[in-house]
1. Given the convex hull of the Cα atoms of segment 93-201, what is a quarter of its surface area in nm²?
2. Dividing the Cα convex hull volume of segment 132-187 by residue count, how many Å³ per residue is that?
3. So how long is each side of segment 317-370 along the principal axes, counting just the alpha-carbon atoms, biggest first, in Å?
4. Determine the shape class of segment 59-135: with a ≥ b ≥ c the square roots of the Cα gyration tensor eigenvalues, call it rounded for a/c under 1.5, and otherwise prolate if a/b is greater than b/c, oblate otherwise.
5. Is the shape of segment 145-271 best called rounded, prolate or oblate, per the rule: a/c under 1.5 gives rounded, else a/b larger than b/c gives prolate, else oblate, with a ≥ b ≥ c the square roots of the Cα gyration tensor eigenvalues?
6. Within segment 3-33, what residues put their amide N at less than 13 Å from the label point 7 Å along the Cα-to-Cβ vector of S279?
7. If Lys and Arg each add +1 and Asp and Glu each add -1, what is the summed charge of the other residues whose beta carbon sits under 13 Å from the beta carbon of Q278?
8. If amide H atoms are built 1.01 Å from N in the plane of the peptide, which residues on other chains or at least 5 residues away come under 5 Å of the amide H of V441?
Amino acid sequence: MSENKTAAIIGGGVIGGGWAARFLLNGWNVIVSDPDPEAERKVSEVLANARRSLPALSDVTVPKEGKLSFAASLAEAVADADWIQESAPERLDIKHQVFAEIQAHCRKDALIGSSTSGFKPSELQQGAARPEQIFVAHPFNPVYLLPVIELVGVQETVERAKEVLEEIGMKPLIVRKEIDAHIADRFLEAVWREALWLIKDGVATTQEIDDVIRYGFGMRWAQMGLFETYRIAGGEAGMRHFIAQFGPCLSWPWTKLMDVPELTEELTNMIADQSDAQSGMHSIRELERIRDDNLVAMMRALKGRNWGAGDLLNAQDARNKPPLPTDIDQPLTTLNRVIPIDWMDYNGHMNESRYGQVFSDAGDVVMSMVGADQAYIAGGLSYFTVSNEIGYLNETHLGDVIHVRTQVLEARGKKLRLYHEMIRTADGELLATCNQLLLHVSLETRKSCEPEGAVLAKITALGEAQSKLPKPASMRD
Ligand SMILES: NC(=O)C1=CN([C@@H]2O[C@H](COP(=O)(O)OP(=O)(O)OC[C@H]3O[C@@H](n4cnc5c(N)ncnc54)[C@H](O)[C@@H]3O)[C@@H](O)[C@H]2O)C=CC1
Ligand SMILES: C[N+](C)(C)CC(=O)CC(=O)[O-]
């Protein structure tokens, strides 16, 4: 488990702050070193944004947050660290100086990743005491939400790094060959160059460029990437037809390729003014929150499809899923989760439909406990919910950690009656209750029938044990 591990974050700016949040919210202790006197405030603000977004990607219990501290010196920060992440400015001389100091004070077995967007490991390792210890771990902003991370370096070191990053929910990609700007930044540079030309030539504004991306190909890229998208664009003949039709365009004047517009004061002002007009009404922190909420909503949608980034999140949930309750003589804890952004409504609280989901998920846990699981369902038997009587008692808000306490009121024959209490974990406030009736059914006839075999035995034992409990207090009120 990662609980006692420590990450040292060297440079707590945009990316260092994101790394600190990613490690902390996955249970690591984090110690930051940055000469900027404002670093603590900046990291704390990034962390506050991360706390409202990252846990909302999960549908199960999230790890307990680690401890954050700020070191008086780089030497102090790295002394006991398992992972050291360098996120100093993109200047090779600064990075060399930082690595020399890190290696003078860190453990020999510590992993030293660099967030560099473009330097190759061989450049970073120049003059290093132990070159093989340093590797590229290039993340994407915001580091606490976006999973992909490019790893470049000595095979054995990056393999070790990969394991750690997977534990904290990331999607490491080991880059085969070291090249300037790795893989992803090559694309980003190409797109950015073209965008600069379009603005300089007076063809499009910053707003129009952003619109063609977010209303169009950006959404396609987010769920399928480039090649799968273009395969479909080739019609029934697929990729070969796509290349035959659009390959020649690459040598037509469709792109400016490597030709970079000079970033004169005039062009810089034009871009900055357009950007102010487009987005200047929001602070950077507000824009971060808008971005994060959108990313969470999109990633959660992909989760429902078990696709791309959503597939990865489901795997992480499976790893973090708590075991089923075993103490059947007590009320059962059937759910433990954070309330995500896409469950909020126009009244600024959790929408009523989501209470149904919470209690449905809690009911599913009872089904699993008695063995009415995927295999049982595949065998043609299951439970259907035939009534949910929900009491909405208190408001539930974004980021609230909640749990559900369930009692089995009746488990006889086809009938399974459950009573759920949804509780805000921080203060024990009862938020909602649900009286739920399920009927055992045949999936073939779609009619109710008696449960069978081990499920019948387990449901009977559960019903008997729970019948000895007093009625839940909220039922008696
Ligand atoms: N901003 C971005 O979108 C991305 C940046 N990166 C990479 O991450 C690294 C950091 O970039 P940003 O966070 O954007 O820069 P930033 O300017 O936001 O942060 C850099 C931080 O390093 C601190 N610093 C300066 N000298 C230092 C030293 N000797 N020791 C410790 N800290 C020092 C600065 O005070 C500052 O807080 C760069 O290598 C960059 O290429 C990687 C992915 C995305
Ligand atoms: C602009 N950039 C080169 C710093 C971008 C990156 O390195 C990755 C990102 O988050 O876009």
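1. Average of the hull's projected areas for segment 93-201 equals 7.9 nm².
2. It comes to 76 Å³ per residue, whole-number rounded.
3. The Cα atoms of segment 317-370 stretch 40, 23, 16 Å along their principal axes.
4. Because a/c hits 1.5 or more and a/b exceeds b/c, segment 59-135 counts as prolate.
5. Note, shape of segment 145-271 comes out oblate.
6. Nothing falls inside the zone, counting backbone N under 13 Å.
7. -4
8. Distant-sequence amide H within range of V441: S382, Y383, F384, C449.
The values are calculated or read from the model by the stated rules, or taken from the named source; none is laboratory data. In this text, all values refer to a predicted model and were calculated from it rather than measured experimentally. No Cβ is skipped: glycine too gets one built from the backbone with ideal geometry, and neighbour counts run over all protein chains shown. The area values use the complete protein model at the heavy-atom level, side chains included, leaving out ligands, DNA and RNA. Shrake-Rupley method; radii C 1.70, N 1.55, O 1.52, S 1.80 Å.
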